[in-house]
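Have a look at the structure below, then the notes.
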Amino acid sequence: MDLIASLYTGSGYWNPLVWLIAIVVVVVIVYLIWSRGESGYKKGTLQTTPFISGNPEPEKSGVHIPGGNLYWGYTEALKGYYSRLVPLHTGRLNDYLLWYLGVTAIIMVVVVVTA
């Protein structure tokens, strides 16, 4: 078996030696970039804390934003849709599977009828 022979396909060729050389070149470039990085980094010191313009980091509970606040505009715009959908949300897996099977059956009927 010839390792430098190319395997010709319908859309190009495959040569394992070319790929091996390309991988070696990429690894060398990555190593050179990595070696020029900052070597003074020390894990577990003040270097690992976030810098917030010199201000101390606030408590997590003081900056937590609930999902209701983040998506307020989205839910407000779709209030009509959510007002009908929320009562159907029971949290039981059996109900979700029933809805899934029902919608799948309706889609299958529509596909068969229109085909």
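The values are calculated or read from the model by the stated rules, or taken from the named source; none is laboratory data. Only a predicted model underlies this, so the values are computations on that prediction, with no experimental measurement involved.
Only one of the numbered conditions (1) small (Gly, Ala, Ser); (2) modelled with pLDDT under 85; (3) assigned to a helix (DSSP H, G or I) is not met by Gly102, and that is (2).
Within the stretch 73-98, the set of residues being part of a helix (DSSP H, G or I) and either β-branched (Val, Ile, Thr) or modelled with pLDDT under 85 (or both) comprises Thr75, Val86, Leu88.
Quick check, is Tyr13 in a strand (DSSP E or B) and either modelled with pLDDT of 80 or more or not β-branched (Val, Ile, Thr) (or both)? For Tyr13, the condition - in a strand (DSSP E or B) and either modelled with pLDDT of 80 or more or not β-branched (Val, Ile, Thr) (or both) - is met.
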